[in-house]
1. Among Ala220, Ala216, Ala174, Ala212, which is closer than 21 Å to Glu153 by Cα, within 21 Å of the chain's Cα centre (by Cα) and either assigned by TED's automatic domain parsing to the domain that holds Ser106 or in contact (Cβ under 8 Å) with a residue 24 or more places away in the chain (or both)?
2. Restricting to the range 114-125, count the residues that are modelled with pLDDT under 95 and surrounded by fewer than 22 Cβ atoms within 10 Å (Cβ to Cβ).
3. Answer yes or no as to whether Leu184 is surrounded by 16 or more Cβ atoms within 10 Å (Cβ to Cβ), of a type outside the set (Phe, Trp, Tyr) and not in a helix (DSSP H, G or I).
4. Before we move on, is Asp200 in a loop (DSSP other than H, G, I, E, B) and modelled with pLDDT of 95 or more?
5. Please determine, by comparing only the residues of the range 58-71 that are aliphatic (A, V, I, L, M) and surrounded by 24 or more Cβ atoms within 10 Å (Cβ to Cβ), which one is nearest to Asp4 (Cα to Cα).
6. Being within 26 Å of Arg157 (Cα to Cα) and among the acidic types (Asp, Glu) narrows it down to one of Asp12, Asp30, Asp4, so name that one.
7. Of these, Glu218, Glu170, Glu156, which one is among the acidic types (Asp, Glu), surrounded by fewer than 17 Cβ atoms within 10 Å (Cβ to Cβ) and out of contact with any Cys (no Cβ under 9 Å at 6 or more places or on another chain)?
8. Based on this model, can you work out whether Ala83 counts as in contact (Cβ under 8 Å) with a residue 24 or more places away in the chain, assigned to a helix (DSSP H, G or I) and over 15 Å from Phe217 (Cα atoms)?
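The values are calculated or read from the model by the stated rules, or taken from the named source; none is laboratory data. Quick caveat, the model's predicted, so the values are computed rather than measured. Cβ placement follows ideal geometry from the backbone for every residue including glycine, while neighbour counts extend to all protein chains displayed.
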Amino acid sequence: MGGDDRPIGMFDSGLGGLTVARAVIDLLPDEHLVYVGDTGRYPYGPRPQSEVSGFAHQIGRVLVEEHDVKLLVVACNTAAAAALAELQAVLPVPVIGVIDPGVRASVSVSAHGRVGVIATVGTVASGAYQRAFSAAAGADLVLTCAACPGFVEFVERGEVASDQVTVLAERLLAPVVEAEVDTLLLGCTHYPYLARTISDVVGRDVVLVSSADETAFEIADRLRSSGAARGAGGGPARHRFLSSGPVDAFRELGQALLGPEVAHVEPLAWPA
């Protein structure tokens with residue numbers, strides 16, 4: 001047993017962060033998890049950064065103050081771009097985002113230094129990925145960024161392989177295809193659910209990088225180095241899921257995207 005029995009907290013604008021939750025559950029099966037999907041206010045991508053930052057602070061406080069989490073994961077690229085540094089400064093627990101882990105993985109696997117990033121309008125406009133890649137690789141890397149409005153909405157509806165999403169992908173991914181990237185970072189946690197369509201459009205020789213696994217590795221390293229990992233033998237891990245939108249829809253699609261762990265979804269209401 002031993003270690004810290006408190007849960008890991010995680011949030012996203014909706015269901016996309018379940019890619020990170022799946023990676024964490026698989027890598028750290030003894031850890032409790034509390035996941036907030038802010039489906040009542042998604043998508044975050046088109047919203048002003050100041051508004052997204054406000055949402056992130058609100059959810060962060062709920063997870064720390066009401067759920068006593070030991071570590072917070074901002075499993076939403078748009079929210080991480082808008083508020084990660086602020087959350088790290090004001091919250092009393094470690095806060096991990098999904099941007100830097102994905103950047104490091106992309107730099108390490110790129111064969112020719114031609115990397116693309118696709119993300120929401122808000123994330124691309126924030127410059128967060130541009131700054132992160134510049135810090136990680138500098139002039140040794142050619143970066144092409146493309147905003148993909150509409151991808152999140154397709155995933156949230158469970159339409160991950162329709163003809164309509166393929167047509168949209170062909171139009172939105174044209175800049176990274178033209179740039180002949182060798183590596184494409186999926187800069188939104190929703191996008192791995194569209195990986196097959198994205199790969200068909202950009203070409204199977206382009207390496208797709210999801211930040212989910214890399215983020216899980218960073219969480220594991222942080223917990224172990226601080227002695228906060230939950231020890232085995234303390235009973236089965238508990239996984240709680242909360243949604244600010246319709247819980248039945250979250251549960252149904254969540255089970256399809258993540259698995260049977262999303263057996264029960266709790267409602268979460270924000271003050272009027």
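1. Ala212
2. The qualifying residues number 2.
3. yes
4. no
5. Leu63
6. Sole residue among the options that is within 26 Å of Arg157 (Cα to Cα) and among the acidic types (Asp, Glu): Asp12.
7. Answer to the check: Glu170.
8. yes
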